[in-house]
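First the structure, in the form of structure tokens, and then the observations on it.
The values are calculated or read from the model by the stated rules, or taken from the named source; none is laboratory data. It should be emphasised that the depicted structure is a prediction, and the values quoted were computed from it without experimental measurement. For neighbour counting, all protein chains shown are included, and Cβ atoms are generated from backbone atoms with ideal geometry for every residue, glycine included. Side chains are part of the model used for accessible areas, which takes the heavy atoms of the whole protein and leaves out ligands, DNA and RNA. Shrake-Rupley method; radii C 1.70, N 1.55, O 1.52, S 1.80 Å.
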Amino acid sequence: MNIKKTRYFVRTFGCKTNQYESQLLKELIQQSGNEVVEEYCDADYVVVNSCAVTQAAERDVYKFIRRVYRESKNVKQIYVVGCYAEYTIQKCLKEKFFERLVVNLPINFLGCKEKYNVIPSDMYKDTTICESKFWLRKFFGTTRAYVKIQDGCNNYCSYCIVPFLRNRMYSRPLEMVLKEVDDLVRNGYTEIYIVGTNVGKYKYEQNNRTYDFIDLSERLLCEFPEITLLFSSLEPVDLNEKFFDFLEKYRNRIFPHFHIPLQAADDEILQDMGRNYTVEEYLDKIKKLRKIIPGVIISSDIIVGYPIETQQKFLFLTEFIKKVGFNWVHVFPYSPRLGTKAYLKYGNTTAKDVKQKVRYVNEINTLLGEKYFKQLCKV
Ligand code: SF4
């Protein structure tokens with residue numbers, strides 16, 4: 001007798017860690033005897049793996065759910081999982097959520113601690129346990145695969161909601177990461193993209209030895225001679241001497257692109273944000289990177305419109321971006337997030353000219369992109 005499989009559609013918003021988790025969720029759905037479909041109109045259940053890093057990310061969740069409501073008559077249940085679900089649960093915003101959504105659909109919220117629990121089984125109840133027991137064997141695309149090594153962040157940068165939403169800091173067992181990479185390499189993946197909420201904070205104890213993210217990376221490069229490693233965002237504070245020695249030794253096995261969030265180019269703002277480095281220290285680290293890997297690709301995150309940003313500080317930021325010569329920057333308008341230090345200190349305020357500032361930095365970004373493209377064409 002043919003048991004009808006439940007059909008799931010998974011939509012992912014946000015960071016590479018979310019994309020990894022959605023891929024693992026798809027594998028677990030298939031391992032549990034159910035089906036993953038490519039179109040939400042064919043799905044019984046729709047899973048929205050959400051992001052809450054900015055108000056714009058929130059809006060994306062509503063827009064998508066309304067589209068599902070309009071276009072699909074098959075959907076029995078929507079699961080909103082991950083950071084925005086966690087935010088909605090923590091801040092008791094479910095009622096507000098449905099008021100704002102307007103459409104009447106059965107929606108279930110699963111926070112970051114239970115995001116795999118869309119599959120009705122105790123095996124998938126706890127995110128951390130799930131990621132310590134299950135691993136990926138394939139990834140969308142053919143040569144590059146994301147491998148999550150840790151979750152959570154204890155930095156509590158003043159503007160950031162992530163530490164409040166993501167799980168407490170944990171590092172995946174070393175043997176689990178090795179097993180995952182082993183299977184991915186067997187399936188033909190040669191580029192391993194190390195992802196996590198704050199990968200630089202990986203710390204795993206094994207046989208009286210502590211592995212940080214550099215030790216883990218070195219272990220992967222030694223055990224799998226065919227792979228190239230890529231890193232998701234690295235915090236400036238994690239680019240220490242040990243990191244530069246590692247880079248010197250394995251520069252030919254590391255993809256020459258580093259995303260190093262700067263956020264602001266003013267020491268007073270950086271201190272207020274709780275970023276633990278100065279503008280000068282940041283510049284030094286970029287110079288060291290370029291010394292070890294000439295022509296290395298460097299991108300960054302920038303926040304404009306932070307409450308204590310003056311016009312003068314903003315103009316200095318724009319000059320600093322050009323001075324560093326990033327290949328590109330992601331510019332974010334400061335977005336007050338309920339519960340963060342900056343929200344408590346400055347309230348729910350957004351600078352009137354923040355959109356203008358974003359446009360201005362994106363014009364610089366276009367010039368940086370053109371310069372980078374010309375370099376590529378020369379190669
Ligand atoms: S390092 Fe700062 S910005 Fe990054 S996730 Fe942690 S708190 Fe947020």
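Worth a mention:
- Listed as lacking a disulfide-compatible partner in the chain: CYS15, CYS41, CYS51, CYS83, CYS92, CYS112, CYS130, CYS153, CYS222, CYS377, by the criterion of no other cysteine Cβ under 4.7 Å.
- Contact order relative to length of the chain, as percent, for alpha carbon pairs under 8 angstrom and 6 or more apart: 11 percent
- Dividing the mean sequence gap of close Cα pairs (under 8 Å, 6+ apart) by how many residues region 1-134 holds gives a relative contact order of 21 percent.
- Length gained on full extension, TYR372 to GLU281, computed as 0.36 nm times the residue gap minus the Cα-Cα distance: 30.3 nm.
- Relative to the Cα centre, the charge distribution of the chain, modelled as +1 at Lys and Arg Cβ and -1 at Asp and Glu Cβ, gives a dipole magnitude of about 820 debye.
- When the Cα positions of PHE98, TYR116, LEU184 are compared along the charge dipole of the chain, PHE98 comes out farthest toward the positive end, with charges on each C-beta of Lys, Arg, Asp and Glu.
- Accessible surface calculations at 1.4 Å, restricted to protein heavy atoms, place the chain at 47 Å² per residue.
- Inter-site label distance for LEU178 and SER32 at 7 Å from Cα along Cβ, in nm: 3.0 nm
- Alpha-carbon spread of region 107-183, three principal axes, descending order, Å: 38, 31, 24
- Charge context of VAL296, other residues only, Cβ under 10 angstrom, K/R +1, D/E -1: +3
- As a calculated quantity, the FRET efficiency between GLU319 and LEU344 at R0 = 35 Å, using C-beta atoms, amounts to about 0.65.
- Prolate/oblate/rounded label for region 53-93 (Cα gyration tensor, a/c 1.5): oblate
- Once you divide the Cα radius of gyration of region 180-312 by 2.2 N^0.38 Å, the number left is 1.18.
- Dipole magnitude of region 1-134 about its Cα centre (Cβ charges: Lys, Arg +1; Asp, Glu -1), debye to nearest 20: 340 debye
- Environment charge of ASP353, counting only residues whose C-beta is closer than 14 Å and scoring Lys/Arg +1, Asp/Glu -1: +4
- Structure-based [θ]222 nm, the chain - -39500 (n - 2.57) summed over DSSP H runs of at least 4, per residue, nearest 500: -13000 deg cm²/dmol
- Applying Stokes-Einstein at 37 °C and 0.692 mPa s to the Kirkwood radius of region 1-134, computed over alpha-carbon pairs, gives a translational diffusion coefficient of 219 µm² s⁻¹.
- Among residues other than LYS201 with Cβ under 11 Å from its Cβ, the summed charge is -3 (Lys and Arg +1, Asp and Glu -1).
- Principal axis analysis of the Cα atoms in the chain yields extents of 67, 52, 45 Å, listed in decreasing size.
- Cα pair distances of region 230-276 binned at 10 Å [whole percent]: 23, 46, 23, 8
- Under the membrane-span-like helix rule (DSSP H runs whose alpha carbons stretch at least 27 Å along the helix axis, mean Kyte-Doolittle hydropathy -1.0 or higher), the chain yields 354-378.
- Antiparallel %, DSSP beta bridges [both residues in region 120-256], to 5: 35 percent
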